[in-house]
Amino acid sequence: MKSPSVIEFRVGPPGLCFFPIINGKPLLSRIRQFNADISSNEQPVFGYVEFAFERILLKKPPDLPDNRNSIFACPCGDLGCGAISAVIRRDGMLVHWESLGVSNDLGIDDGSPWLFDRPSSFSFDWQQYCDAVRQRK
């Protein structure tokens, strides 16, 4: 079994957004490396950052259909424009970000997210993940 990835979170000014850094590389850079059609305008989801962290710690329900959590969105902040999102689930001492892709909250087309081939998922040690949320910079 592959070792869990290491995550850290950087909080943007003034505490309204967060940037996931996975194994030392920003998640958005990883996504753009393999998915050229991702807009250069994609931004961290803005809003009260504590609510976002409650979602990724699975204390609050996801903000998109199909159990998906927004991670990056259009600069306007409207999830209807589309958001880079993932299904976040816990399995024992691991937390998984799965089915990374683009989805929205409008149910356009057939409502299915457009999933990335790479990166498609990450797994993290639950304790390290929780510590990263508490120690965010």
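A few notes on this one:
- Relative protection proxy for 54-65, 81-92, from highest mean packing down: 81-92, 54-65 (other beta-carbon atoms within 10 angstrom).
- Virtual spin-label span in nm between Cys130 and Arg10, 7 Å along Cα→Cβ: 2.7 nm
- Here the gap between Lys2 and Ser121, fully extended at 0.36 nm per residue and compared with their Cα-Cα distance, gives a gain of 41.6 nm.
- Simple spin-label estimate for Glu50 and Ser29 in nanometres, 7 Å along Cα-Cβ: 3.2 nm
- Fully extending the segment from Lys60 to Met93 would add 10.0 nm, taking 0.36 nm per residue of separation and subtracting the current Cα-Cα distance.
Rule-based calculations on the coordinates, nothing more; no lab input. Remember, it's a predicted structure, so these values are computed and weren't measured experimentally. With ideal geometry, Cβ positions are generated from the backbone for all residues, glycine too; neighbour counts draw on all protein chains shown.
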